[in-house]
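Notes follow once the structure below has been shown.
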Amino acid sequence: MDAKRITTSSGKLLYKPIMAEHELYECSDDGTGFCVRCGEYTSGVEPDAAKYTCESCGQSSVYGIEILALRGFIEVIDEDEKEPEEAASK
Ligand SMILES: [Zn+2]
């Protein structure tokens, strides 16, 4: 799992999670949350959590993975791109 910095249309600097599709399912199952202000992943949050306090930066910016997915705030990557050799041998 990764994260990238983005700037919103209103000029706010936020982080957006980047993960493979299977990681997305795992994350929503095991209560992973993501802080959009500092890009930290946290655990033990509800899938539909919103504005939880972040343990890293102290801001109320932790959202459940499911909420982020619903809002289109997760960049889902194609895993095949990570393993070009395996894809080519098919
Ligand atoms: Zn944070």
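Data table
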quantity: Residue tally, condition out of contact with any Phe, Trp or Tyr (no Cβ under 6 Å at 6 or more places or on another chain), buried (at least 17 other Cβ atoms within 10 Å of the Cβ) and either closer than 14 Å to I18 by Cα or modelled with pLDDT of 95 or more (or both), over the range 43-62; calculated: 3
quantity: Evaluation of S89 against (1) buried (at least 17 other Cβ atoms within 10 Å of the Cβ); (2) modelled with pLDDT under 90 (one fails), failing number; calculated: (1)
quantity: Given (1) touching a Gly at 6+ places or on another chain (Cβ under 8 Å); (2) of a type in the set (G, A, S); (3) within 16 Å of the ligand (Cβ to nearest atom), number of the condition S60 does not satisfy; calculated: (1)
quantity: Residue count, the range 31-49 (criterion: within 10 Å of the ligand (Cβ to nearest atom) and in a loop (DSSP other than H, G, I, E, B)); calculated: 5
quantity: Residue identified as β-branched (V, I, T) and free of Cβ contacts under 8 Å to residues at least 24 places away in the same chain among T32, T8; calculated: T8
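The values are calculated or read from the model by the stated rules, or taken from the named source; none is laboratory data. These numbers come from a predicted model, not from an experiment. Don't worry about glycine lacking a Cβ; one is built from the backbone with ideal geometry, like all the others, and counts go over all protein chains shown.
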